[in-house]
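For reference, the structure discussed in these notes is given below.
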Amino acid sequence: MTQEKLKWTDLCVTIVDWLATPTARRPGGCMYTQALDTEGKEPAAAADETALEARFQARVDLEEKIEPKDWMPAKYRATLIRQISQHAHSEIVGMLPEGNWITRAPTLLRKSILIAKVQDEGGHGAYLYSAAETLGVSRDQLIDQLLTGKAKYSSIFNYPTPTWADVGAIGWLVDGAAIMNQIPLCRCSYGPYARAMVRICREESFHQRQGYDIMLKLCRGTPEQKRMAQEALDRWWWPALMMFGPPDAASTHSTDSQRWKIKRFSNDELRQKFVDFTVPQARFLGITVPDPELRWNEARKCHEFGAIDWNEFERVLRGNGPCNVERLAARRRAHADGAWVRAAASAYAAKQRQRAASAAA
Amino acid sequence: MEPDSKHPDGKRPESEHEWPLFEIFIRARGGLDHKHVGSLHAADARMAIEHARDLYTRRQEGVSIWAVRSVDIVASDPQDAESLFEPARDKIYRHPTFYQIPDEVKTL
């Protein structure tokens, strides 16, 4: 327990150090610049809303947390519902690629670890759904949006896991990229989301380390095992870089989110940091990052890397990745197969309530 | 999309089909208070405790769990914050540091 907390602290120190540096480069919060949608509103109501919005932005600028019952702009609410629910869906769908390996984990210990990790992902989904619900959307609506394909989830989970090494690569790279994205979210302006992220990040560190541990074991094993590790890195490297989202120039949601302190760093900033953290870790494993253009830039003190295939990203996002259909089908099947359990639990609860009522009468 | 004003955390009123929402409080160690950690849906109180065990104490985070139906919590309104809490602000004499005690006086 204590040991785990120490590890988490180490990670935080590293990332928080970095978080402290680029502040000056970040876009400043402009207090009164949001273009208001005043169409169809009475002038008085619109003026009222401008004042409320100014007060809201002032609170955000002062790093005060916004809580569920506080006034917030409708677009802030909508942005958060979209982001938090997508995040929750990603956790739930993210259970599938690794869950696929639980029955085939190479040892009992690895199996126990993998079960614990997949259970954590389910937990993360539950924390996040709860946070989204504080914004006025119901759990049933959210689940429905996932199952009908109306809501998006992280496209990384539409890639397959053909070997055990993929489980290692997911922990190391996918969870590593997730941590990079999520640590700044612990300071997000919306209280319930920030608090959920603190809990999630604490657990995510275990995920990344167990993944690297799998890779390390394979890379120190037979030539075949090392080749498996290399092939998994080849498969996951570029999709992991895509996890940070489109390049800043093409990112549609960034400006509002940064002003509202939902998002504190740009996609490209986080991606660069991920590359800089990860390349030495790959070198230590003795495997090669599949990018011939990857090189250290001494002047800029960071790695240069090759162009990302955004067409692939778009293709997977639009539903044409290797496993999109399979993942959604698995979720729908799980939901349908669990229907009788939910019905039985509801019936049992109703019966108990009835018995208690008649005993009291 | 306006939140339900009756709910402490702005959550929607419970729908017919959805399991009720419970707020979960965990006592981290013997001797400490129960602290709010989050919420979950459950068919009944017993399931709420079982789910809370799985959701919030996977790493020995607690020795005791409270589950409270979210609709049963009564909360203050953020709009009343000023009238509720402002009066305490200028009463600095309630704090021990307000009083200057001569150095010669010990154990006070």
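The values are calculated or read from the model by the stated rules, or taken from the named source; none is laboratory data. Computed from a prediction, not measured in an experiment: that's the story for all the values here. Here Cβ is always computed from backbone atoms with ideal geometry, including for glycine, and neighbour counts include all displayed protein chains. Ligands, DNA and RNA are excluded from the accessible area calculation, which covers all protein heavy atoms including side chains. Shrake-Rupley method; radii C 1.70, N 1.55, O 1.52, S 1.80 Å.
In table form, for the structure just shown:
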item: Sole residue being farther than 25 Å from A:L109 by Cβ and surrounded by 21 or more Cβ atoms within 10 Å (Cβ to Cβ), chosen from A:L185, A:L147; result: A:L185
item: So A:D234, is it within 20 Å of A:A194 (Cβ to Cβ), over 17 Å from the mean Cα position of the chain (by Cα) and open to solvent by 10 Å² or more (accessible area, probe 1.4 Å); result: no
item: Flag for A:Q258 being free of Cβ contacts under 8 Å to residues at least 60 places away in the same chain, within 30 Å of A:K69 (Cβ to Cβ) and away from chain B (no Cβ under 14 Å); result: no
item: Helices (runs of 4 or more DSSP H) lying entirely in region A:283-361 (those with 1 or more residues that are closer than 17 Å to A:I92 by Cβ and out of contact with any Cys (no Cβ under 8 Å at 6 or more places or on another chain)); result: A:324-337, A:339-360
item: Filter result for A:A78 (over 26 Å from A:L218 (Cα atoms), open to solvent by 30 Å² or more (accessible area, probe 1.4 Å) and not polar (S, T, N, Q)); result: yes
item: B:F25 part of a helix (DSSP H, G or I), more than 9 Å from chain A (Cβ to nearest Cβ) and not acidic (D, E); result: no
item: Scan of region A:302-361 for residues that are within 14 Å of another protein chain (Cβ to nearest Cβ), hydroxyl-bearing (S, T, Y) and open to solvent by less than 90 Å² (accessible area, probe 1.4 Å), ordered by number; result: A:S346
item: Inter-residue pairs, beta-carbon under 8 Å, first touching a residue at least 40 places away in the same chain (Cβ under 8 Å) and in region A:332-353, second part of a helix (DSSP H, G or I), 6+ apart; result: A:R332/A:L147; A:H335/A:I143; A:H335/A:L147
item: Residue in region B:55-65 that is more than 9 Å from chain A (Cβ to nearest Cβ), modelled with pLDDT of 95 or more and exposed (fewer than 14 other Cβ atoms within 10 Å of the Cβ) present; result: yes
item: Residue match in region A:270-280 (condition: hydroxyl-bearing (S, T, Y), on the phi < 0 side of the Ramachandran plot and open to solvent by less than 30 Å² (accessible area, probe 1.4 Å)); result: yes
item: Index of the failed condition, A:L52 passing every other in (1) exposed (fewer than 14 other Cβ atoms within 10 Å of the Cβ); (2) at pLDDT 95 or above; (3) within 14 Å of chain B (Cβ to nearest Cβ); result: (2)
item: Test: residue in region A:101-118 that is more than 20 Å from A:S205 (Cα to Cα), within 11 Å of chain B (Cβ to nearest Cβ) and open to solvent by less than 50 Å² (accessible area, probe 1.4 Å); result: no
item: Filter result for the condition that a residue is among the acidic types (D, E) and part of a helix (DSSP H, G or I), over B:D80, B:D103, B:D90; result: B:D80
item: Subset of region A:188-198 (residues that are open to solvent by 10 Å² or more (accessible area, probe 1.4 Å) and over 13 Å from the mean Cα position of the chain (by Cα)); result: A:P192, A:R195
